[in-house]
Amino acid sequence: MLTGSKVRIRATEPGDLLYGMKAIANALKITKRQAYHLHQEGRIPTIKIGPRRIGARRNELSAWLAGQEVINA
């Protein structure tokens, strides 16, 4: 049971959590707008952090990207 208003997210590895759409876009080497559209369509693995922030785990994005390479090969 959560008793406070703050929840800490522990990444699986140091530096694994990408915080914000700009960080996600930089990791994927696409524009922020393209990353936002992929998020809106549910095509990339993201998590909601608070009421307005979006985040993602770097290892999940890497796995997703590797899966896209197999599909498009």
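Values in this text are rule-based calculations from the coordinates and carry no lab data. Please read all numbers here as calculations on a predicted model, not as lab measurements. Every residue, glycine among them, receives a Cβ derived from its backbone with ideal geometry; neighbour counts consider all protein chains shown.
Observations, loosely collected:
- Charged neighbours of Leu18, selected by a Cβ distance under 10 Å, balance to +1 (K, R count +1; D, E count -1).
- Potential lengthening between Arg53 and Ala27 on full extension [0.36 nm per residue; Cα-Cα distance subtracted]: 7.7 nm
- Long-range amide H partners of Ile47 with built H, under 5 Å: Gly55, Ala56
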